[in-house]
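> This is the structure I want to talk about, given as structure tokens.
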Amino acid sequence: MKLVVQRVSSASVEVERKTVGRINKGFLVLCGITHEDTEKNADVLARKLCNLRIFEDKNEKMNLSLKDVKGELLIISQFTLYADSMGSGNRPSFIAAARPEKAEPLYEYFLKKCKEQGVIVEKGVFGADMKVSLVNDGPVTIILEK
């Protein structure tokens, strides 16, 4: 699994011009799933994500976690994180991304594990054409991979 984590002051996702997920302070997370990923990968990343200390404390040091600041998560499934664009052509290959029948249940499992960490979790619609809006705070962007 690969997560692109952006610290945000707000974020939202729309499907067919309807807002399906919205958060205030927290993380916008783009979540890619590959063939080898398991529930164990999701367990590790859920704990790491919810405890990742990238919010500033009173001394302006990145020392506080999502839980510490009562932040929220907006998690968007994104198979394109596993694009291979270094081949001979200019069109990326997505063969490293898990097929929907594997990826969607693992994505839903990951959402559940994040909720179990005591964090508010919003999501996009798996496989839909989504419009994602965010106000990146910092900007701070971290990649987590397991």
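> With a sphere of radius 9 Å drawn around the Cβ of residue 122, what net charge do the other residues whose Cβ falls strictly inside it have (Lys, Arg +1; Asp, Glu -1)?
+1
> Lysines near residue 25 by alpha-carbon distance under 26 Å, same-chain residues fewer than 8 away left out - which ones?
Straight-distance partners of residue 25: 2, 48, 58, 61, 67, 70, 112, 113, 115, 123, 131, 146.
> Report relative contact order for the chain in percent, whole number only (criteria: Cα-Cα under 8 Å, sequence separation at least 6).
Contact order relative to length: 39 percent.
> Based solely on its DSSP helices, what 222 nm [θ] is calculated for the chain when runs of n ≥ 4 H residues each add -39,500 (n - 2.57) and the sum is averaged over all residues, nearest 500 deg cm²/dmol?
Only helices count here, giving -6500 deg cm²/dmol.
> So what's the net charge close to residue 23: Lys and Arg +1, Asp and Glu -1, counting the other residues with Cβ under 14 Å from its Cβ?
My count for the surroundings of residue 23 gives +2.
> Here's another thing I want to ask about it. Between the range 114-130 and the range 24-97, what is the C-alpha centre distance in whole Å?
12 Å
> For the chain, what are the per-bin percents of Cα-Cα distances with bins 5 Å wide, up to the bin holding the maximum?
2, 10, 19, 22, 20, 14, 8, 3, 1, 0
> Sticking with this one: Compute the acute angle (0 to 90°) between the alpha-carbon long axis of helix 39-51 and the principal axis of greatest extent of the alpha-carbon atoms of the chain; round to the nearest 10°.
For 39-51 against the chain, the angle is about 30 degrees.
> Going by average Cβ neighbours within 10 Å, how do the peptides 106-115, 122-131 rank, with the highest at the top?
106-115, 122-131
The numbers here are math on the coordinates, done by the rules we state, and not lab data. Given the structure is predicted, the values throughout are model-derived calculations rather than measurements. With ideal geometry, Cβ positions are generated from the backbone for all residues, glycine too; neighbour counts draw on all protein chains shown.
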